[in-house]
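Trainee: Sending over a structure as structure tokens; questions will come in a sec.
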Amino acid sequence: MSERNLEQMAEAVADIRRRMADAAREAGRDPAAVQLCAACKTHTPAAIALSAQLPIDLFGENHVQELTVNYDAGAYCGKPVHFIGHLQTNKIKKVLGRAALIQSVDSPRLLAALEKEAAKLGLTQDILLEVNIGGEASKTGAAPDELWALLDDAAQQPHLRVKGLMAIPPVNEDDDANRALLRQVYGLFVRAGERGYDNVSMEVLSMGMSGDFENAIREGATLVRLGTAIYGARDYGPKA
């Protein structure tokens, strides 16, 4: 499957930016308060570098191997990259120092492993706590009622900074049901920010993908993650 060229991606990003701005204004928000994260899973360093010319704020990687290849190739062209996929503890070393922010922290075990490696490197890693708002067995993330213990744990880690929450609500054709879940995440985001920890500042609410990013913005998202809407359909075949 051929990748989109620069003109095709530019048209897609312009349309996305227009829709993001419209959704923000509808909610009485400043469009500049919402960032666009390009989820570049499976795409080549060349395609990613091309897209970096466009008004994309940052990139998101789901797989550690792709993050390391694209980062080392300079594909992000100086723009930040976030790790947005499930992170295994044995791959943390490859992510620290490359990812500006890890969006998918969902367990005390991962927190402890991140703290240990960040301390060894002498750096402080920004993270988001991932919430499984739909209670789906197929998805990672802490259940909403587990978030508070996870947040308490994270607040004790001197080499980690909690910058917000991330969520992937279930795919739902019912607009009201989708927005209700997004609204629940926003409620958790607000409550988490009220707990007053020194290393917790609720600045980033990452929710909304190609199918529901406008609803997410209407319900308070500060960052939306879009991949296929920018790059076209993903190619999961073997790479040459």
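Trainee: Please list, by residue number, every one of the GluC sites (Glu not before Pro) in the range 136-179 that is coil in DSSP and has at most 15 other beta-carbon atoms within 10 Å. Present the calculation step by step, with values, prior to reporting the outcome.
Mentor: Working: sites: Glu136, Glu146, Glu173; in loops: Glu136, Glu173.
Taking the range 136-179 and a limit of 15 other Cβ atoms within 10 Å, the loop GluC sites (Glu not before Pro) found are Glu136, Glu173.
Trainee: Here is a further query. When the Cα centres of the range 177-221 and the range 33-50 are compared, how far apart do they sit, in Å?
Mentor: Between the Cα centre of the range 177-221 and that of the range 33-50, the gap is 22 Å.
Trainee: I've got another one for you. Taking all protein chains in place and a 1.4 Å probe, what share, in percent, of the accessible surface of the range 174-240 do carbon and sulfur account for? Provide the component values of the computation, followed by the final result.
Mentor: Details: 1500 of 3140 Å².
Solvent-exposed carbon and sulfur of the range 174-240 make up 48 percent of the total.
Trainee: For a label point 7 angstrom out from the Cα of Val190 toward its Cβ, which stretches of the range 93-130 have the backbone nitrogen within less than 11 Å?
Mentor: No residue qualifies, since no backbone N sits under 11 Å from the label point.
Trainee: Please compute the per residue accessible area over the chain with all protein chains in place, 1.4 Å probe, rounded to a whole number of Å².
Mentor: It amounts to 46 Å² per residue over the chain.
Trainee: Turning to a different aspect of this structure: At R0 = 41 Å, how high is the FRET efficiency between Ser2 and Ala180 if r is their beta carbon distance? Nearest 0.05 is fine.
Mentor: Working: r = 39 Å, r/R0 = 0.96.
About 0.55, to the nearest 0.05.
Trainee: Among Leu165, Met209, Gly85, whose Cα lies farthest out toward the positive end of the dipole of the range 79-226, if unit charges sit on the beta carbon of Lys, Arg (+1) and Asp, Glu (-1)?
Mentor: My answer, from the dipole projection, is Gly85.
Trainee: Taking 0.36 nm per intervening residue step and subtracting the Cα-Cα distance, what contour gain separates Ala137 from Arg17 on full extension? List each step's numbers first, then the result.
Mentor: Details: separation 120, 0.36 × 120 = 43.20 nm, distance 3.27 nm.
Roughly 39.9 nm would be gained on extension.
Trainee: Quickly estimate the mean residue ellipticity at 222 nm for the chain, helices only: each DSSP H run with n ≥ 4 gives -39500 (n - 2.57), and the total goes over all residues, rounded to 500. Spell out each step's value before the answer.
Mentor: On the way: 9 runs with 92 residues, N = 240.
The helix contribution divided over the chain gives -11500 deg cm²/dmol.
Trainee: Please list, in order, the residues from the range 148-186 whose amide nitrogen is less than 17 Å from a point placed 7 Å along the Cα→Cβ vector of Asp198.
Mentor: 152-163
Trainee: Return the long-range amide H neighbours of Ala39 (sequence gap of 5 or more, or a different chain), with a cut-off of under 5 Å between placed amide H atoms.
Mentor: Answer set, sorted by chain and number: Gly60, Leu226, Gly227.
The values are calculated or read from the model by the stated rules, or taken from the named source; none is laboratory data. The shown structure was predicted, so the numbers you read here are calculated from the model rather than taken from an experiment. Positions of Cβ are backbone-derived with ideal geometry, glycine not excepted, and every protein chain shown enters the neighbour counts. The area values use the complete protein model at the heavy-atom level, side chains included, leaving out ligands, DNA and RNA. Shrake-Rupley method; radii C 1.70, N 1.55, O 1.52, S 1.80 Å.
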